[in-house]
1. Among His58, His91, His17, which comes first, then next, by fewest other beta-carbon atoms within 10 Å?
2. What is the order of Tyr110, Tyr55, Tyr13, fewest Cβ neighbours within 10 Å to most?
3. Please state the shape class of the chain: rounded when a/c is under 1.5, otherwise prolate if a/b exceeds b/c and oblate if not, all from the C-alpha gyration tensor.
4. For a label point 7 angstrom out from the Cα of Asn48 toward its Cβ, which stretches of segment 61-96 have the backbone nitrogen within less than 14 Å?
5. Grab the Cα-Cα distance for Met121 and Lys36, subtract it from 0.36 nm times how many residues apart they are, and report the gain in nm with one decimal.
6. Collect residues whose amide H, placed 1.01 Å from N in the peptide plane, falls under 5 Å from the amide H of Ile59; neighbours closer than 5 in sequence don't count.
7. Which lysines, on any chain, are close to Lys107 with Cα under 25 Å apart, when same-chain ones fewer than 8 places away are left out?
8. Distance between Cα centroids, segment 96-123 to segment 7-65: provide it in whole Å.
Amino acid sequence: MINNRDEYSVMFYENEHGRVPVREFLEKLSLKERAKILKYIEFLREQNGILDEPYSRHIAGKIRELRVDFGRVGYRIFYFLFIKKKIILLHAFTKNTEKTPPQEIQKAEYNMRQVIVNQKMYE
């Protein structure tokens, strides 16, 4: 996490069991895929969490998706902007369909609610 108060920082959602879904997702990818996604995450941070298409897209409420394509494979990371200039990465998945599956959005919404309820963890 970056300590400069003028810059945004990126944090990963952690569930009640100490698991970090986005980090676990990234660890399963190849080194090249992971490097590209991390580069996009850094670009998102540098742009204060605001990217337009094709890099990012609004999903629902405060949730947006970071869109990273690697060959024919589409990776999506749901995130939202939180207090004190934080970008919270909520959920990640490999996109295999034209439309975003509702259950993927529901996971991100649940994770966001957990962040809000446990906001002290993210200060």
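1. Working: His58 10, His91 23, His17 5.
In order of increasing Cβ crowding within 10 Å: His17, His58, His91.
2. On the way: Tyr110 13, Tyr55 16, Tyr13 25.
Listed from fewest to most nearby Cβ atoms, that is Tyr110, Tyr55, Tyr13.
3. Values: a/c = 1.44, a/b = 1.23, b/c = 1.17.
Rounded is the answer for the chain, as its axis ratio a/c remains below 1.5.
4. 81-82, 84-87
5. On the way: separation 85, 0.36 × 85 = 30.60 nm, distance 2.77 nm.
Taking 0.36 nm per residue and subtracting the Cα distance, the gain is 27.8 nm.
6. Amide H neighbours of Ile59: Arg64, Glu65.
7. Those lysines meeting the cut-off are Lys28, Lys36, Lys39, Lys62, Lys84, Lys85, Lys86, Lys95, Lys99, Lys120.
8. Distance between centres, Cα-based: 12 Å.
Where a number appears in this text, it was derived from the coordinates with a stated rule and is not lab data. Keep in mind it's a predicted model, so treat the numbers as computed, not measured. Every residue, glycine among them, receives a Cβ derived from its backbone with ideal geometry; neighbour counts consider all protein chains shown.
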